[in-house]
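Here's the structure we're looking at; comments come further down.
The values are calculated or read from the model by the stated rules, or taken from the named source; none is laboratory data. Remember, predicted model here, so these are calculated numbers, not experimental data. Ideal geometry is used to build each Cβ from the backbone, glycine not excepted, and the neighbour counts take in all protein chains shown. Surface accessibility is based on the protein's heavy atoms, side chains included, excluding ligands, DNA and RNA. Shrake-Rupley method; radii C 1.70, N 1.55, O 1.52, S 1.80 Å.
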Amino acid sequence: MASKPDTGDLDKIGKDFLTCGLCLGYYQNAKTLPCLHSFCENCLIKLVEKRGMLVCPYCRTAADIQGSDGVGLLRNNSLINGLVEFVKSRDLCTGMTDVVICDGCEENTASNRCITCATNLCSPCTKTLTKIAACKRHNVMSLNELKNTTPEKLSSFRPSTRCNVDGHGENTVKFYCDNCDVPTCLECTVVNHNGHKHRYVKDVAAEFTPKMSEVLEKLAKKEDEIKLAVESGNQRLIEIQDLYEKETAKVKKRAEEIIKKIKTDEEKALGILTKNRDTLQKHLECEIDRLEITEKSVTSARKFIKTLVNYGDAGEIVSECKRSMNRAEGLIDTDNINLGCISIFRFFPKSTVLEMKNSIGLIGPDASKTTRTNIPKILYDGESFQVDVQTVDVNGERVVADTDDITVKAKIEKPDNTTCDLMTTNDGDGNYKVMFPGQQVAKYNLIISIGDEKIPGSPFIIDVMSEEEMAQKIKVGSIVARGKDWNRENIDGNPPREGRVTEIYKITQCLVQWSSGNQWWHYNGYNGQFQIKLSEFY
């Protein structure tokens, strides 16, 4: 493994970007997988020989290749290979003594270095090299020039990107075919892409670079989001363990207070707690593992694109842009961690042993599994509604309890940040009714919770508006229902159903296709009548 440089070059480029994650040394003929992770060609061959298939060690994305021979067909990462050669040359050049012997004649003092051959040459040997037909395109720099070259200037010294079409390997990529979406050489424009629309590759690279810079910003933001999510997940693991220990102690204390015959119930309750803890911990560990893998992928993609934008030449940018953008967009859309619900750990003791179905207590309910009826998003000024909520445990079974800790609670959060508790009733079998009273025109937050755990979707934003304001929001395609001035009997069905607005006449009259199959014109503000209203629900 090559020694690590003690210069600022790796800090600028990124140390991990130039070292293989398998052998931990500088890349040797880096190959790029479809997921944008790169590894040494020999490292990938050994991996395929060992496992029989190629799966990215970082993100576990499978690459469709046929055996170890297929590794050679993977795309060469010319950007990484060029940067590695640059840094290695800088390392070697920086560590040299005052007198450097020519690697060609082994007699004269070297004054130049061939980046392509990785050799130090004297002036006569340099002239000889440049006269050889096969070496005329080699990149030769003076040792002083090499010492003073920074990574930002590297692309101007490296050879231009070559065409990857068979037989065109010596041709420089100069054009971009808009029809085929690929960079081309001059020969390609005449033979393979004759008659197609071409542009100079540098112009196309200048067009792609800002787009890739925008993706860089999104990837950086996504990277931060995932890091925070991982931290939150780890903290939640600690909270789960602490809560588990606390609630387990309560279960044990309760079990010690009652007679010996309820020992079975104690073990059952502890078993449920342990099962729930294991289930949640396993879920979170899997989520964290997935996010850490995604984080590596996001970081790798960001570094790859950043380095490509900062140090790649036009051909490299154009060659890698589309694949990089597709990979980046897939990573940006990745979901963050699902932290789950910890309310299923709560232990709620019963007051009377003889009245209990379970003599110790009960575990639950699970707020994340609670069901409810539809909640309207929009209401008339002063309009009220009722929400039915049913409490269930982690297994989806009905939970009926008589303690405040697991009862359904609801409140309204008003625009002035004040709150108002809502009336809830319980019919005794786990069904609760929440009454939302009529409110003045404004936006309100309806918060429904079980104990201190909010049910899914809470808080719900309820927009209370005047009839005139709601009428203006009704458009073609809007879903509507009966309004306050309805007088069309059961044309919308029995029981009443929703309809869709198909046509609007002078704003105040709407043609509605009802789910019942009927179609009718209705007033929507005409002569002050509002026969329909918006029907939008959570």
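Table for the structure above
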| read-out | value |
| --- | --- |
| Sole exception among (1) over 36 Å from the mean Cα position of the chain (by Cα); (2) farther than 30 Å from Tyr523 by Cβ; (3) buried (at least 16 other Cβ atoms within 10 Å of the Cβ) for Lys409, by number | (1) |
| Total residues in region 391-404, condition open to solvent by 50 Å² or more (accessible area, probe 1.4 Å) and either at pLDDT 80 or above or under 17 Å from Asn276 (Cβ atoms) (or both) | 2 |
| Pairs, first touching a residue at least 40 places away in the same chain (Cβ under 8 Å) in region 210-228, second of a type in the set (S, T, N, Q) and in a helix (DSSP H, G or I), C-beta under 8 Å, six or more apart | Met212/Ser324; Val215/Ser324; Glu223/Thr299; Ile226/Thr294 |
| Residues being more than 17 Å from Pro34 (Cβ to Cβ) and modelled with pLDDT of 85 or more - total across region 316-331 | 2 |
| Residue check for Thr307: within 30 Å of Val84 (Cα to Cα) and open to solvent by less than 20 Å² (accessible area, probe 1.4 Å) | yes |
| Count of region 480-502 residues which are in a strand (DSSP E or B) and open to solvent by 90 Å² or more (accessible area, probe 1.4 Å) | 1 |
| Test set (1) open to solvent by 30 Å² or more (accessible area, probe 1.4 Å); (2) modelled with pLDDT under 70; (3) farther than 21 Å from Ser297 by Cα - Asp9 fails condition number | (1) |
| Those residues of region 123-142 which are open to solvent by less than 30 Å² (accessible area, probe 1.4 Å), in contact with a helix residue (DSSP H, G or I) (Cβ under 9 Å, 6 or more places away or on another chain) and not in a loop (DSSP other than H, G, I, E, B), in sequence order | Leu129, Cys135, Met141 |
| Hits in region 107-122 - residues which are hydrophobic (A, V, I, L, M, F, W, C) and either surrounded by fewer than 13 Cβ atoms within 10 Å (Cβ to Cβ) or modelled with pLDDT under 75 (or both) | Ile115, Cys117, Ala118 |
| Inter-residue pairs, beta-carbon under 8 Å, first without any contact (Cβ under 8 Å) to a residue 24 or more places away in the chain and among the β-branched types (Val, Ile, Thr) and in region 193-205, second open to solvent by 20 Å² or more (accessible area, probe 1.4 Å) and part of a loop (DSSP other than H, G, I, E, B), 6+ apart | none |
| Subset of region 191-225 that is under 30 Å from Asp335 (Cα atoms), open to solvent by 80 Å² or more (accessible area, probe 1.4 Å) and of a type outside the set (Lys, Arg) - its residue that is nearest to the chain's Cα centre (by Cα) | Asp224 |
